[in-house]
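Asks: Can you keep this structure in mind? I'll have questions shortly.
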Amino acid sequence: MSKLLKDVKDKKQVPAIKSKGSAPAFFSCWDLHSYYGESYIVQGISFDIREGEVLALLGRNGAGKTSTLRSIARMDEPHITHGEIWLDHKPLHTMPSHEAAQHGVSLVPEDRCIIQGLTVEENLQLAQIAPPIGWSLERIYEHFPRLAERRTQMGTTLSGGEQQMLAVARALARDIKLLLLDEPYEGLAPVIVQEIASIIDNIKKQGITTIIVEQNAVAALRLADRALILDTGTIVFDGTAKEVLDNEELRHEYLAI
């Protein structure tokens with residue numbers, strides 16, 4: 001057994017990486033516990049993210065990944081029973097979801113939630129606030145030329161990959177500080193996955209702090225700076241993405257790859 005995997009097995013809950021210097025982390029999650037009804041899903045996780053960092057949140061189905069994202073976004077479910085979530089010195093754990101969104105949290109859900117009856121451009125305009133302080137339509141179309149070509153097309157008639165582009169672009173239309181991506185590659189052909197990955201990599205270069213939940217772990221790790229692996233609602237690994245990519249035993253044990 002490798003030392004890295006032995007360390008993981010010997011210490012179930014891995015401490016969060018501490019921020020450098022005396023300043024608090026840009027994003028911090030401290031001892032978070034969340035439930036769906038009576039089901040105990042997120043079981044006391046803690047981690048930090050530095051500004052501009054991309055974190056891959058990985059694990060098998062049912063590990064608590066999506067529940068963690070929804071807890072951060074302050075959705076109605078799951079219900080947080082204990083813990084704190086801080087973003088840029090603001091306590092997200094005290095906010096309802098609309099206030100968390102106003103403070104800069106943007107969740108792109110797995111089902112994308114494209115609004116029926118609206119064009120591509122109308123979906124984007126609806127996400128903007130007046131006056132626009134997020135990405136302008138011109139900037140969005142510069143980074144998403146496919147959407148520029150389809151700006152007058154109904155959003156729900158786009159292909160799966162194009163709908164994913166629209167969902168991500170719509171998130172950027174607000175003044176966001178933390179982008180949460182839930183299964184951005186779900187159901188997409190490999191060539192489209194590469195295109196979406198290129199878009200996410202471009203977003204990373206803009207310095208946007210991002211958490212990616214993705215079953216295609218290798219694709220997510222190639223984009224990420226760091227990785228967390230969840231197992232039954234707890235963190236079993238917190239380290240660099242390269243450590244996971246380089247450790248076949250760790251990947252097989254917790255990601256089945």
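Throughout, read-outs are computed from the coordinates displayed, never taken from laboratory work. In this text, all values refer to a predicted model and were calculated from it rather than measured experimentally. Cβ placement follows ideal geometry from the backbone for every residue including glycine, while neighbour counts extend to all protein chains displayed.
Asks: Give, in nm to one decimal, the length gained when the segment between His252 and Leu126 is fully stretched (0.36 nm per residue of separation minus the Cα-Cα distance).
Replies: Roughly 41.1 nm would be gained on extension.
Asks: Continuing with the same structure: Along the charge dipole of the chain, Cβ charges K/R +1 and D/E -1, which of Phe26, Ala100, Met75 sits furthest on the positive end?
Replies: Phe26
Asks: Report the GluC sites (Glu not before Pro) located in the range 29-87 that are in a DSSP loop and have at most 16 other Cβ atoms inside 10 Å of their Cβ, or state none. Intermediate results must be reported in sequence, preceding the final value.
Replies: On the way: sites: Glu38, Glu51, Glu53, Glu84; in loops: Glu38, Glu51, Glu53.
Filter output for the range 29-87: Glu38, Glu51.
Asks: Check the chain and count each lysine pair with an alpha-carbon distance under 16 angstrom, considering only pairs eight or more places apart or from different chains. Show your work: numbers first, answer last.
Replies: On the way: Lys3/Lys11; Lys3/Lys12; Lys3/Lys242; Lys90/Lys177; Lys177/Lys204; Lys177/Lys205.
The number of close lysine pairs in the chain is 6.
Asks: Suppose every K and R has +1 on its Cβ and every D and E has -1 on its Cβ; what is the size of the dipole of the chain about the Cα centre, in Debye to the nearest 20?
Replies: Numbers: 27 positive and 35 negative charges, 87 e Å.
Approximately 420 debye in magnitude.
Asks: Provide the percentage of antiparallel DSSP beta bridges, counting only those with both residues in the chain; round to the nearest 5. Provide the component values of the computation, followed by the final result.
Replies: Numbers: 24 of 41 bridges.
Given both bridge residues lie in the chain, the antiparallel proportion sits at roughly 60 percent.
Asks: Further question on the same structure: Rounded to the nearest 500 deg cm²/dmol, what is the calculated helix-only ellipticity per residue at 222 nm for the chain, with -39500 (n - 2.57) per DSSP H run of length n ≥ 4? List each step's numbers first, then the result.
Replies: Working: 11 runs with 92 residues, N = 257.
The helix contribution divided over the chain gives -10000 deg cm²/dmol.
Asks: Report the full-extension gain for the segment Tyr36 to Ser97: residue separation times 0.36 nm, less the Cα-Cα distance, to one decimal in nm.
Replies: On the way: separation 61, 0.36 × 61 = 21.96 nm, distance 1.66 nm.
Gain in length upon complete extension: 20.3 nm.
Asks: Something else now. Rg(Cα) of the chain divided by 2.2 N^0.38 Å? Before the final figure, lay out each step's value.
Replies: Numbers: Rg = 18.0 Å, N = 257, 2.2 N^0.38 = 18.1 Å.
Relative to the rule-of-thumb radius for its length, the chain sits at 1.00.
Asks: Still on this structure, I have one more. What nm value, rounded to one decimal, do you get for the distance between Glu110 and Thr81 when each label is placed 7 Å out toward the C-beta?
Replies: 2.3 nm
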